[in-house]
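What follows is a single structure, written as structure tokens, with notes after it.
The values are calculated or read from the model by the stated rules, or taken from the named source; none is laboratory data. All values reported here derive from a predicted model rather than from experimental measurement. Here the Cβ positions follow ideal geometry from the backbone for every residue, glycine too, while neighbour counts run over all protein chains shown. Ligands, DNA and RNA are stripped out before the accessible areas are found, and what is left, the full protein with its side chains, is counted by its heavy atoms. Shrake-Rupley method; radii C 1.70, N 1.55, O 1.52, S 1.80 Å.
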Amino acid sequence: MPYTELSVEERATIQLSQAQGFSLRWIARLINRSPSTISRELRRNRDACGGYSARSAQQHMRHRRQVCRPKRKLLPGTERFELVTHMLRERLSPEQIAGKLRNMNI
């Protein structure tokens with residue numbers, strides 16, 4: 001079964017249910033998730049006082065996802081992007097372009 005991230009609505013449900021004092025297992029049944037997923041979510045996203053906020057949890061998730069992804073090498077507007085675009089217009093293959101860039105140390 002593939003993993004899907006918690007949605008904003010699920011995080012809001014966790015926040016409200018926890019504030020009302022429901023157990024992790026009850027919250028897990030409510031949103032059809034594993035209790036370990038709820039436990040991990042609460043542990044990973046608790047604030048300094050030990051509370052849980054759906055909004056800050058969503059922001060932390062976006063930040064963690066952005067940090068773990070590799071940086072893009074061809075950003076529009078850069079010299080490398082313009083050079084690759086020019087070489088593609090000259091009908092060079094991607095393999096030829098990669099070889100030329102390696103030789104140019106760009």
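Taking loop as defined by DSSP and a crowding limit of 13 other beta carbons within 10 Å, which GluC sites (Glu not before Pro) in the range 11-106 fit? Don't skip to the end; give the middle numbers.
On the way: sites: Glu41, Glu79, Glu82, Glu90, Glu95; in loops: Glu90.
Counting only loop positions with at most 13 other Cβ atoms within 10 Å, the GluC sites (Glu not before Pro) in the range 11-106 are Glu90.
Counting only the heavy atoms of the protein chains, how much of His63 is accessible to a 1.4 Å probe, in Å² to the nearest 10?
Its accessible surface works out to 110 Å², give or take rounding.
Can you bin the range 1-65 into rounded, prolate or oblate? Criterion: square roots of the alpha carbon gyration tensor eigenvalues sorted a ≥ b ≥ c, rounded for a/c under 1.5, prolate for a/b above b/c, oblate for the rest. Mind showing how you got there, number by number?
Values: a/c = 1.69, a/b = 1.07, b/c = 1.59.
Oblate, because a/c is 1.5 or more while a/b does not exceed b/c.
Using helices alone, I'd like the mean residue ellipticity at 222 nm for the chain: each DSSP H run of four-plus residues gives -39500 (n - 2.57), total over residue count, nearest 500.
On the way: 6 runs with 67 residues, N = 106.
Result for the chain: -19000 deg cm²/dmol, rounded to the nearest 500.
If you count only protein heavy atoms and use a 1.4 Å probe, how large is the accessible surface of Ser34, to the nearest 10 Å²?
Surface open to solvent at Ser34 totals about 50 Å².
Which chymotrypsin sites (Phe, Trp or Tyr not before Pro) in the range 12-106 pass both tests, a DSSP loop state and at most 16 other beta-carbon atoms within 10 Å?
Numbers: sites: Phe22, Trp26, Tyr52, Phe81; in loops: Phe22.
Taking the range 12-106 and a limit of 16 other Cβ atoms within 10 Å, the loop chymotrypsin sites (Phe, Trp or Tyr not before Pro) found are Phe22.
Hey, with R₀ at 41 Å, roughly what FRET efficiency would Gln20 and Lys73 work out to, going by the Cβ-Cβ distance, to 0.05?
The computed FRET efficiency comes out at 0.25.
Going from most exposed to least, what order do Ile31, Ile38 have by accessible area with a 1.4 Å probe? Mind dumping the intermediate values first?
Numbers: Ile31 25, Ile38 0 Å².
Reading off the accessible areas and sorting them downward yields Ile31, Ile38.
In whole Hz, with x marking every Gly and Pro, tabulate ³J(HN,Hα) for the range 44-52 from phi via Karplus 6.51 cos²θ - 1.76 cosθ + 1.60, θ = phi - 60°.
6, 10, 7, 8, 4, 8, x, x, 10
What is the angle, in °, between the Cα long axis of helix 8-19 and the longest principal axis of the Cα atoms in the chain? Nearest 10 is fine, range 0 to 90.
So the helix axis and the longest Cα principal axis differ by about 30 degrees.
If you line up the long axis of helix 79-89 against the longest principal axis of the chain, both from Cα atoms, how many degrees apart are they, to the nearest 10?
60
Tell me the net charge near Gln18. Cut-off is 11 Å between Cβ atoms, Gln18 excluded, with +1 for each Lys or Arg and -1 for each Asp or Glu. Before the final figure, lay out the partial values.
Details: positive: Arg11, Arg46; negative: Glu41.
Combined, the nearby Lys, Arg, Asp and Glu give +1.
What do you get for trypsin sites (Lys or Arg not before Pro) in the range 15-106 restricted to DSSP loop and a cutoff of at most 12 other Cβ within 10 Å of the site's Cβ? Each step should come with its number before you reach the end.
Details: sites: Arg25, Arg29, Arg33, Arg40, Arg43, Arg44, Arg46, Arg55, Arg62, Arg64, Arg65, Lys71, Arg72, Lys73, Arg80, Arg89, Arg91, Lys100, Arg102; in loops: Arg33, Lys71, Arg72, Lys73, Arg91.
Here the trypsin sites (Lys or Arg not before Pro) that fit, given the DSSP loop and packing criteria, are Lys71, Arg72, Lys73, Arg91.
Just subtract the alpha-carbon distance of Arg89 and Ser36 from 0.36 nm times their residue separation and send over the number in nm, one decimal. Before the final figure, lay out each step's value.
Values: separation 53, 0.36 × 53 = 19.08 nm, distance 5.26 nm.
Extending this stretch completely gives an extra 13.8 nm.
Per 0.36 nm of contour for each residue apart, how much would the distance between Glu82 and Met104 grow if the chain were fully extended, relative to their Cα-Cα spacing?
Values: separation 22, 0.36 × 22 = 7.92 nm, distance 1.46 nm.
That pair, Glu82 and Met104, stretches by 6.5 nm at full extension.
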